[in-house]
Structures are given as C-alpha cells and as structure tokens.
Protein chains: 2
Amino acid sequence: MTASQQKKRLSILGSTGSIGVNALKVVENLSHELTVTYLSGNRNAELLIQQARKFNPRAVAIVDDAAAGKVAAALPDTEVLQGREGLLELAGRDDVDLVLNGLVGSAGMEPTVQAINAGVDVALSNKESLVMAGDYIDRLLTQTGVKLFPVDSEHSAIWQCLTGEDMVDVERLILTGSGGPFRTRDKETFDSITVAEALKHPNWKMGNKITIDSATMMNKGLEIIEARWLFHLGPDQLDIVVHPQSIIHSMVEFRDKSVKAQLGVPDMKIPIQYALTWPRHRPADWEPLDLVRVGQLTFEAPDLEKFPCIQLAFEVLKEGGSAPAVLNVANETAVYRFLRNEIRFTEIPIMIEKALAAHDLIEHPQMEDILSLENWTQHYVNQL
Amino acid sequence: MTASQQKKRLSILGSTGSIGVNALKVVENLSHELTVTYLSGNRNAELLIQQARKFNPRAVAIVDDAAAGKVAAALPDTEVLQGREGLLELAGRDDVDLVLNGLVGSAGMEPTVQAINAGVDVALSNKESLVMAGDYIDRLLTQTGVKLFPVDSEHSAIWQCLTGEDMVDVERLILTGSGGPFRTRDKETFDSITVAEALKHPNWKMGNKITIDSATMMNKGLEIIEARWLFHLGPDQLDIVVHPQSIIHSMVEFRDKSVKAQLGVPDMKIPIQYALTWPRHRPADWEPLDLVRVGQLTFEAPDLEKFPCIQLAFEVLKEGGSAPAVLNVANETAVYRFLRNEIRFTEIPIMIEKALAAHDLIEHPQMEDILSLENWTQHYVNQL
C-alpha cells in the first residue's frame, strides 16, 4: 500500500461555504494523512475552481446551473456534476472514507442520507439533517453501521467529553451558547432589529443563516434537537447555559456530578479537524487557548421570554414526529424572509408557531413525508 | 459467587482524617458495591472505634501506642494492629482490591510502596509518595503491573480528561489552584501572617498541613511533581493557572489546541468516589454544579514572587534525583514549625531553600536513601 492510498479520502460537500473553507485549511495542514476526493459548491464558481485546482479532486459538483458552465470550462480534466441531482449523486459515492457535510439548511438532509446509504461515515456540520429526519436517519445508521461525527462546536465538545465514557453514567448534557448579539438588548426594541445588527455575532464568524439563528437563539434549539439524536438522551437531559465568551463549547454532567467540558478559542477549525482525524488530536499551529488572557468566563440562564425560539424547540422535541422538521423549515424560510427585509426579527418565532399549529402531525414520517412537509412549510411561511 | 464476594474490598489508610471520613461517606452511599476490609487511624481512637463498629473491617491499625489500648478494648472481636509497624503490615495485606492511601505527609510513602509490593492497586491521596519517591515507585509499578488512581481533585480532573485519549496527543496539563487565602494580600505583610489566617482556605475544607501548603501554594508545586509521575510528562508540559473559584479542577490541552476540563463543586467526595468506582461515574445525591449560580470563573497567572514555593518545586523537578524528597520533607517540617508558631510564614520557603542547598544530591535514590534523607532533612530544618 502506498502512502497516498493510506490517506483518508474526503468528500467535502459545501466546500465554498464557511465550514468547507475551514475544512480545506485543515486538509492543507494535514496533507500527509488527508486527501480530497470530491468537492461541491452551491454557486460560487470562482472559489470552487480555485479549490479544485489546488486539491485536485476526482470530481466536483456545482448546484447552480448558471455557474456550472463556468466550472466545466475552467476544469477540463475534472468530472463536473451539475444541479441538485449532481450534488446528490456525488454525496452517494462510496469511494471515499468520510463525507464532510458542510451544506447549509434543509438542503443538506438528503446528501446525508445518500452518504449513509452508500455506507460512508459522515462528519456532520449540517444540523438540519438530524433536526428534520433524526428518527429516520437514526434507524438508517443502525441498519448500515455508518457513524456520524459531529462538527458543530457544541456537539464536538460533548463528543470529546464522552470519549471513553459509558452513556449510562451521563446525567445531562449542557450546551453553551453565546446568547448572540441581543443578549443584553432591551426586549422592547426587538421589533426594530435590522439585518445588519443581527449579522454581527460577538464571537463566531459563520454563514448568514446560522448567524441569524444565533441572534434568535434558534441555533441553540436546533442543537438541542440534534443532540437528542446524536447522543440518544431525552429532552429532560438536555440543558442550555448562556456563556457569552464562547470558550467552553459544551459540557457533560455525569451521575456522580462530575462535569467535563471542552474549551478552546472560538475557531471552527478545531471541531472540524477533530471530526476528520478522530479519535486523534493531531498537532495544529493555530492559537492555543490562554485562559489568563481571557480572564473570566461568565454564565447566565437563557431568557426564554426574549428568545421564544428555544422554547419552541423544546416543545417540538417533546412532540416528536414531524414537528421538528416543520420547525426547522419554517425557521429557515422565515430567516431568509428576514434577510430579504420582508419581515421583522420578532416575526420569525411567530411564523414558526403558526406553521406548527397549522400542520398535521405525522407520528413516524418517512423521507417522502419529510420532503413534502418541507414544500408545504416553505409555501405556508412564504404566504404569511 | 455471592454478592458480597463481588464487592470491591477496600483498605482505607488514614480513615480518621479528612480524606478517610469522606471516603467512608462514599462507601456508605455505594454499600452495594464497596466494602471496607481494613481501616487505619493515627491517634483518633474514638473515631476509629466508631468507624469500625459501623463498617466491620477485618482489622484496624492505630499508629499511636497510647490510643491502641483503647481501640483494642473497644473492639474485642476485631484484629487491632499497633504502631507504625502495624500500619505498614496492614498496608501490605493482599486480600483487598484497592488501598486508599489518605495518609498525610511523608509518612504515607512507605504504605504506598507496601501496597504496590503486595500487588494491590492504590487510590492515592498521599501526594508525598510520588513527590518523594516518584522514580522509585514508577519502576515498581512497571515491575508489578499495579495501577495508581489519583484522588487529589487536580489529578483526578486530569485523569478524567484523559479517559479514552492517547497520551501522544497531549500538549500540556494545566493544573488550577485557588491561589489560597493570600492571593490578594499585600506581599509586604506576609511576614505577619498568623496560623489562624493561613488555615482559612477560601474553598476547600481539608486537613491543616495541606491547608498551609495551599496558603504558600507549595501544594500546587507538589501537585506538579506528582503529575509528572502520574502522567509521565516533563516540566515544560506542566502549567499552573490560578482560578480562585475552584470550580475547574484542572485541564488537559491536546495538540490540536482542544482543551478538556473537569469541573464540579469543591467536594472531595467526587474525586474519591471516582477513584473507588473507576471507570464508572456512579450516581451520587450530593449537590450538582450550577454554573449559573456560580456566575463567573476567573483566571490569573500565579505570582511567583509572592509564592516562591512554586518556583522551588519547578526547580527540584528539573534537578530530579533526591531533590524533590528534600523539598517535600523540608516543607513538611517547616509547615509543622509554623503551625507550632515557631517560625514565620515567610520562613517556610527560606528553610526549604537552605535544606536543598545543604543536601548532597543523590541521582538515583533507593528507598533507604530516601528514608535517611527524610531523617536528615527533618533534623536539619528543625535545627534552623
């Protein structure tokens, strides 16, 4: 076996997004053990072309049809797949060791299912996969033996804290959240929150959709639902603590009241690299955590009045069935409407609540149920 | 096999001390899986008798000859071993599964060696064992296959954070310390520190000797030396951070700059129980950590000018050989002189430095070298 054959072969879905770009930095640092087999982008043709020239993937997929021609022309020696179908085909290829799903939103769900069906482990940054289809994907994982590796900093923290531990000994998971840009803002002024204000996250540099989710704290709600499926614990074992400095990324409380936490500077490269190199912590030359310089870490209870999205997430988690999928799509649709200045910040949770009330709960949704609910919810929220 | 035979059989050395008393509370809570086979006390006959009546050990040892008669009279059906020899004999018995060494000071070193030679794993609270005879004990562990389980909250934290991890991936260990009662006190007034002031620890309720060590911060120095032997890392991979709230008990930084920490309320029962039930975190009904109530955790660099004992510990760690043993005994002797109001608080490090300068370094001390150095150092410091 040559050195090149021993490298871990990666398929990076969403390589032109925030997670994908950071993942490629990790690959570059660990080029002796990681290699890129596939890349996919949504519509940023220039960046995808640049990445393909640097990492030499076997094939790339580009979702946007207008951008596809440009990519194909620029990469004459590379297979170029096109459109949503191209992405799904790429996601289902089995000649890789790990798919990193860095896609944004509910569009990332089917690619996760494709990879699992191909028998390939998935490093999952796309939390919507489990929020929308947690029960379905969970059964699929049991059938196929495929593993999911969390990439979200919170779930990576919990995963790291659980290394070598017995789940029976876990009392609860404590997800930390910065509280977003509006933690200290007067609730009475929430109606006038602008897109620019909501896009200013205090600690993390992320994509637009997730940054708004952080501002509404729906991000924490989605993470609670994701944690339920990743770690198989009930709603009463999942807690949220607001921690504005984003240094403790999450915690596990064990039954002897010992708590383990994972800490680090707020840099997505750390959880991304861990998912790509698990179970090892490979050397990296980025900035270490200096707690003396940080000085203090603070903690608060989340304000559920100010951030009703958290409450909505706990409610759909208890309700189960198709409710989390509707919550997720309604949130996503409302967030994009907010980003287009069509609705106010405070209308996001109202629209989600309306969609949840209007939809007919399906107890055990199949994939086609989820996909048709996605259409229904998008349409419903766009009409409001 | 009966249920009783399946229980883990414990020998608790120093059962009337702070660690021993807490350990017996743990045993009481987990009486379905832990049983007490041996107990030993120093001179508190009443408490030892009370403990023996409650836990029905096969034998007890009492070091103080004057107290021994009282214990023997009160426990006619229990074997009572007497004096230092009695303690050493008890420590060397092999019909137990685990020895908890909760003895205070250098007197705890030989019992650790006795237990290891008997092939019994040791839950080690007596840090002096490794500080004085780290190299010797380390070789003994390799020969016998016996395991040491840390009980100190700092080392337990590190041990827990290392669960399931590869030591090759560890960048450094970060031991936290409260900074003791004099963290914010003006250095110019250190000469006038009274015994009563030094015994007021802000967070932990511990024995007198260790509480003074905490006030001089020598405790952190001894822990650094202990960590070197428990986890086999060099002085440059061992750091100290002052953390006044004593909530984060210590941390491990991995090579990817991910940091794991173990947290909890400052209660020795947590690390004691973990050492007794490892690798499991058994249910316990004591107070869980409530970070929202704690509110904030702060961090500072240790002040080496104010607390020269830390610097002395790093120096002997680099020097190696018999230097750590001399440091430990000189410190212990000076602390007891301070507790007897014979010397000033600031004379503790001065006496240690003098003893270190006066002693002839032995590169690879044997047990008899360490014991004779112990005598020499006690004598030397008491004469100063």
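The values are calculated or read from the model by the stated rules, or taken from the named source; none is laboratory data. This structure is a prediction, so every number in the text was calculated from the model and none was measured. We place every Cβ from the backbone using ideal geometry, glycine too, and count neighbours over all the protein chains shown.
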Among the residues of segment B:75-94 satisfying the criterion of being within 24 Å of the chain's Cα centre (by Cα) and of a type in the set (Asp, Glu), which is nearest to B:Tyr274 (Cα to Cα)? B:Asp94
Can you pull out every residue in segment B:22-58 that is crowded, with 18+ Cβ neighbours inside 10 Å, without any contact (Cβ under 8 Å) to a residue 60 or more places away in the chain and in a helix (DSSP H, G or I)? B:Leu24, B:Ala45, B:Leu48, B:Ile49, B:Gln51, B:Ala52, B:Phe55
Out of the residues in segment B:132-151 meeting the condition of being part of a loop (DSSP other than H, G, I, E, B) and more than 14 Å from chain A (Cβ to nearest Cβ), tell me which one is surrounded by the fewest Cβ atoms within 10 Å (Cβ to Cβ). B:Gly145
Counting only residues that are more than 11 Å from B:Cys161 (Cβ to Cβ) and part of a strand (DSSP E or B), which one in segment B:232-256 is farthest from the other protein chains (Cβ to nearest Cβ)? B:Leu238
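Give me the residue from segment A:277-311 that is part of a helix (DSSP H, G or I) and in contact with a helix residue (DSSP H, G or I) (Cβ under 6 Å, 6 or more places away or on another chain) and, out of that set, nearest to the other protein chains (Cβ to nearest Cβ). Even if it seems obvious, please write down each step before you answer.
Our first condition is that a residue be part of a helix (DSSP H, G or I); within segment A:277-311, this holds for A:277, A:291-294, A:308-311.
Restricting the remaining residues to those that are in contact with a helix residue (DSSP H, G or I) (Cβ under 6 Å, 6 or more places away or on another chain) gives A:308-310.
On the way: A:Pro308: 20, A:Cys309: 20, A:Ile310: 15 Å.
Restricting to residues being part of a helix (DSSP H, G or I) and in contact with a helix residue (DSSP H, G or I) (Cβ under 6 Å, 6 or more places away or on another chain), the top hit is A:Ile310.
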Going residue by residue through segment A:168-175, is there one that turns out to be within 12 Å of chain B (Cβ to nearest Cβ), of a type in the set (Lys, Arg) and crowded, with 16+ Cβ neighbours inside 10 Å? yes
If the requirement is being within 24 Å of B:Trp229 (Cβ to Cβ) and in contact with a Leu (Cβ under 7 Å, 6 or more places away or on another chain), which of these qualifies: B:Ala355, B:Ala325? B:Ala325
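Would you be able to say whether some residue in segment A:262-270 is in a helix (DSSP H, G or I), over 21 Å from B:Val252 (Cα atoms) and touching a residue at least 60 places away in the same chain (Cβ under 8 Å)?
Step one: filter segment A:262-270 for residues in a helix (DSSP H, G or I), giving A:269-270.
Next, only the ones that are over 21 Å from B:Val252 (Cα atoms) stay: none.
No, segment A:262-270 has no match at all.
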Looking at B:Met351 and the list (1) touching a residue at least 40 places away in the same chain (Cβ under 8 Å); (2) surrounded by 18 or more Cβ atoms within 10 Å (Cβ to Cβ); (3) more than 14 Å from chain A (Cβ to nearest Cβ), which single condition is not satisfied? (1)
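Output yes when any residue across segment B:321-340 is surrounded by fewer than 18 Cβ atoms within 10 Å (Cβ to Cβ), more than 19 Å from B:Ala215 (Cβ to Cβ) and touching a helix residue (DSSP H, G or I) at 6+ places or on another chain (Cβ under 7 Å), and no when none is. Step through it out loud before you land on a result.
Of segment B:321-340, the ones surrounded by fewer than 18 Cβ atoms within 10 Å (Cβ to Cβ) are B:321, B:339-340.
This time we only want the ones that are more than 19 Å from B:Ala215 (Cβ to Cβ), so: B:321.
Now restrict to residues that are touching a helix residue (DSSP H, G or I) at 6+ places or on another chain (Cβ under 7 Å): none.
The answer is no, given that none of the residues of segment B:321-340 is surrounded by fewer than 18 Cβ atoms within 10 Å (Cβ to Cβ), more than 19 Å from B:Ala215 (Cβ to Cβ) and touching a helix residue (DSSP H, G or I) at 6+ places or on another chain (Cβ under 7 Å).
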Over 25 Å from B:Gly17 (Cβ atoms), in the same structural domain as B:Cys309 (by TED's automatic domain parsing) and over 20 Å from the mean Cα position of the chain (by Cα) - does that describe any residue in segment B:132-142? no
Filtering segment B:257-275 for residues that are more than 7 Å from every other protein chain (Cβ to nearest Cβ) and either of a type in the set (Gly, Ala, Ser) or surrounded by 24 or more Cβ atoms within 10 Å (Cβ to Cβ) (or both) leaves a count of 3
Number of the condition not met by A:Ile158 [criteria: (1) crowded, with 20+ Cβ neighbours inside 10 Å; (2) aliphatic (A, V, I, L, M); (3) part of a loop (DSSP other than H, G, I, E, B)]: (3)
Residues of segment B:195-218 satisfying the condition of being surrounded by 12 or more Cβ atoms within 10 Å (Cβ to Cβ) and farther than 20 Å from B:Ser153 by Cα: B:Val195, B:Glu197, B:Ala198
Looking at (1) surrounded by fewer than 18 Cβ atoms within 10 Å (Cβ to Cβ); (2) touching a Ser or Thr at 6+ places or on another chain (Cβ under 8 Å), find the lone condition where B:Asp285 falls short. (2)
Exactly one of A:Ala107, A:Ala3, A:Ala66, A:Ala45 is at pLDDT 95 or above and of a type outside the set (Phe, Trp, Tyr), and that residue is A:Ala45
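Which of the following residues is more than 9 Å from chain A (Cβ to nearest Cβ) and part of a loop (DSSP other than H, G, I, E, B): B:Phe182, B:Phe190? Quick ask: steps written out before the conclusion?
Working: B:Phe190 fails: part of a loop (DSSP other than H, G, I, E, B).
Criteria check complete, one pass: B:Phe182.
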